[in-house]
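Taking it in order: structure first as C-alpha cells, then the write-up.
Here, each number is a calculation from the coordinates, and none is a lab measurement. The structure displayed is predicted, hence computed values, not measured ones.
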Amino acid sequence: MLRSLPALLLGFMLAVLGTAGAGVPTAQRVIANAKAQAAAEHKTILLLFGASWCPWCKRLDDFIEAPKIQPIFARHFVLARIDVQEHGDKASLNTPGGAELGTQMGARRNGLPFFAFLDEQGELIVNSIRPLPGKSEGENIGHPTAPEEVDYFMQMLEKVSPPLSPAESQAIESYLRHQKK
C-alpha cells in the first residue's frame with residue numbers, strides 16, 4: 001500500500017493541475033494534448049476559441065463538420081477547442097486559462113470565433129486577425145463569409161504544413177463562397 005501511495009499522489013496532482021472545476025481541462029492541458037496528437041500524426045493544430053452563445057461559432061462548427069469538409073480537416077488538423085466569454089450560469093464552461101491563451105495567440109477585442117493554426121510544437125503559424133492596410137490592428141474574420149474573409153482564410157491555409165491538395169483547397173473555398181449568408 002505504501003509503495004502505491006506516491007503513484008496515487010502523482011496521479012491526483014496531475015489530475016488537479018490538468019483540470020479545473022468540474023473536470024474542465026485547462027488551456028495548458030488542451031494545448032499539451034493537441035501538441036502530442038499533432039506530433040504523433042504530423043498535423044497542424046487548429047485552435048478554436050468560442051462560446052455557447054455565439055452564433056458565428058456555431059456557423060464555424062457547421063463548416064468544419066460539413067460532410068465534404070470534415071474529412072479534409074480530419075486529415076490535416078488536430079482540433080483543439082477553448083471556451084471563453086461564457087457568462088452567468090454558463091461561466092463554468094470557460095476553459096481555465098483560455099482568455100490568456102487567446103491573448104498569447106493574438107486575440108484582442110476582436111470577437112468570436114477566434115482561431116489560430118499552430119505547428120506541431122504549438123507555435124503560432126497564423127491567426128484569424130486579417131491585416132488591414134493603413135491600420136495598426138487588423139480585424140478578426142471569425143467564420144469567413146465575406147469575400148475578403150474567405151480570401152484571408154485561404155491565405156491562412158496556404159501557410160499550414162503539410163499543405164492541402166488543390167482539390168481540398170477548392171472544396172473548402174467553394175463551400176465558403178457558396179454558403180448561405
Report summary line: In degrees rounded to 10, the 0-90 angle between helix 55-65 Cα long axis and the longest Cα principal axis of the chain is 90 degrees
Report task. Go ahead and set up a Gaussian network model of the chain, Cα springs under 10 Å, then flag whichever of T103, T44, T145 fluctuates most. Result -> T103
Report summary line: log10 I(q)/I(0) for the chain, Debye formula on C-alpha points only (no solvent), q = 0.09, 0.11 Å⁻¹, two decimals, reads -0.35, -0.51
Requested in this report: Enumerate the lysines that K90 could reach by cross-link, defined here as Cα to Cα under 28 Å, with residues fewer than 8 away along the same chain left out.
Outcome: K35, K58
**Report entry** Estimated 222 nm signal from helices in the chain, with DSSP H stretches of n ≥ 4 weighted -39500 (n - 2.57), rounded to 500
**Finding:** -13500 deg cm²/dmol
Report summary line: Classified through the alpha carbon gyration tensor (a ≥ b ≥ c as square roots of its eigenvalues; rounded if a/c is under 1.5, else prolate when a/b is larger than b/c, else oblate), the stretch 26-89 comes out oblate
Query raised in the report: Taking one equal scatterer on every alpha-carbon of the stretch 89-181, how large is log10 of I(q)/I(0) by Debye at q = 0.10, 0.11, 0.25 1/Å?
Result: -0.31, -0.38, -1.33
Requested in this report: Could you tell me how many degrees, from 0 to 90 and to the nearest 10, lie between the Cα long axis of helix 27-41 and the main elongation axis, the longest principal axis, of the Cα atoms of the chain?
Outcome: 70 degrees
Query raised in the report: Pick from L164, L79, L132: which is most flexible by mean-square fluctuation in a GNM of the chain where alpha carbon atoms under 10 Å apart are linked?
Result: L132
